[in-house]
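Colleague: Below are the C-alpha cells for one structure; questions will follow.
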Amino acid sequence: MSTTNWNLDPSHSEVTFKVKHMMITNVSGSFTDFNVTASSDGDDFSKANVNFSAKAASVNTGSAQRDGHLQSADFFDAEKYPEITFKSTSVEKDGDDYKLQGDLTIKDVTKNITLIAEHGGIGKDPYGNIKAGFTVTGKINRKDFGLTWNAALETGGVMVSEEVKINCEIQLVKGA
C-alpha cells in the first residue's frame with residue numbers, strides 16, 4: 001500500500017475539554033483554532049502518524065474573563081507558548097478502535113500520553129470526498145504540564161481540579 005495523507009475538515013471537527021470547578025460541576029471549554037493531519041497506509045490507520053496543534057489563545061469557555069485567565073501565565077501563557085501540540089509515537093489497533101500514544105506539549109513541557117480513538121468509519125460525502133471520523137478521548141493531569149494555578153476553598157478542596165478530560169470529534173479528508 002502507499003501512504004495516504006489526511007487533513008482536517010474543520011467544519012465537522014471540535015476539540016473540547018472538561019475540568020471540575022469547585023469540585024462540584026464540570027466547566028467545558030474548547031479550542032477554536034486547531035489543526036490535525038494524519039498519514040496512513042491506505043485506509044489502514046493502525047500505523048498512522050498523527051499531528052495536532054492548537055493555538056493556546058483560541059481557548060473558549062464562554063466567559064471572556066475566564067478565557068483571559070486561561071491565556072495568562074497562570075495557565076497556558078499563550079503569548080510565550082502560542083501552540084499546544086501532539087505528535088503520535090505509536091498507534092495500536094484495539095478492536096475497531098485505536099490506542100493513540102504520543103507526545104503532548106503544553107507550555108514547553110512534553111509528556112507521553114495515551115488517547116483512545118474510536119473509529120467512526122470511512123465514507124464518501126455528496127461532493128465525492130472520502131472522509132474518516134474519530135472520537136478521541138483521554139485524561140491528563142494539568143499540573144504535569146506546568147498548569148498549576150489554583151485557589152483553596154473555604155469549605156475545603158480547590159477551585160479547579162487537576163484532571164482534565166479531553167474529548168475531540170475529528171473528521172479527516174483523504175488527500176485534501
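The values are calculated or read from the model by the stated rules, or taken from the named source; none is laboratory data. Treat the numbers as computed from the prediction; the structure is a model and nothing was measured. Neighbour counts run over all protein chains shown; Cβ positions are idealised from the backbone, glycine included.
Colleague: Of the residues that sit in the range 69-113 and are in contact with a Phe, Trp or Tyr (Cβ under 8 Å, 6 or more places away or on another chain) and aromatic (Phe, Trp, Tyr), which one is farthest from residue 39 (Cα to Cα)?
Modeller: 75
Colleague: Determine whether the range 46-56 contains at least one residue that is polar (S, T, N, Q) and closer than 15 Å to residue 168 by Cα.
Modeller: Yes, the conditions are met somewhere in the range 46-56.
Colleague: In addition: Taking only pairs six or more apart or across chains, which ones have beta-carbon atoms under 8 Å, a first residue in the range 141-152 that is surrounded by 12 or more Cβ atoms within 10 Å (Cβ to Cβ) and of a type outside the set (D, E, K, R), and a second residue that is modelled with pLDDT under 70 and assigned to a loop (DSSP other than H, G, I, E, B)?
Modeller: Close Cβ pairs (under 8 Å, with a partner that is modelled with pLDDT under 70 and assigned to a loop (DSSP other than H, G, I, E, B)) amount to 150/159.
Colleague: Among the residues of the range 105-123, write down those that are modelled with pLDDT under 90 and among the acidic types (Asp, Glu).
Modeller: Within the range 105-123, just 108 meets the criteria.
Colleague: Residues being part of a strand (DSSP E or B), at pLDDT below 95 and among the β-branched types (Val, Ile, Thr): count how many of those fall in the range 16-41.
Modeller: 4
Colleague: Going by what's in this entry, would residue 130 be described as under 22 Å from residue 8 (Cα atoms), touching a strand residue (DSSP E or B) at 6+ places or on another chain (Cβ under 8 Å) and touching a residue at least 24 places away in the same chain (Cβ under 8 Å)?
Modeller: For residue 130, the condition - under 22 Å from residue 8 (Cα atoms), touching a strand residue (DSSP E or B) at 6+ places or on another chain (Cβ under 8 Å) and touching a residue at least 24 places away in the same chain (Cβ under 8 Å) - is met.
Colleague: Now for a different question. Does the range 63-74 contain at least one residue that is of a type in the set (Ser, Thr, Tyr), over 23 Å from residue 175 (Cβ atoms) and at pLDDT 80 or above?
Modeller: yes
Colleague: Can you name every residue in the range 49-69 that is within 12 Å of residue 29 (Cβ to Cβ) and more than 16 Å from the chain's Cα centre (by Cα)?
Modeller: Selection gives 62, 63, 66, 67, 69.
Colleague: Taking the condition over 20 Å from residue 16 (Cα atoms), surrounded by 14 or more Cβ atoms within 10 Å (Cβ to Cβ) and either among the aromatic types (Phe, Trp, Tyr) or at pLDDT 90 or above (or both), does residue 91 pass?
Modeller: yes
Colleague: Go through the range 49-83 and give me each residue that's touching a Ser or Thr at 6+ places or on another chain (Cβ under 6 Å) and in a helix (DSSP H, G or I).
Modeller: 58, 67
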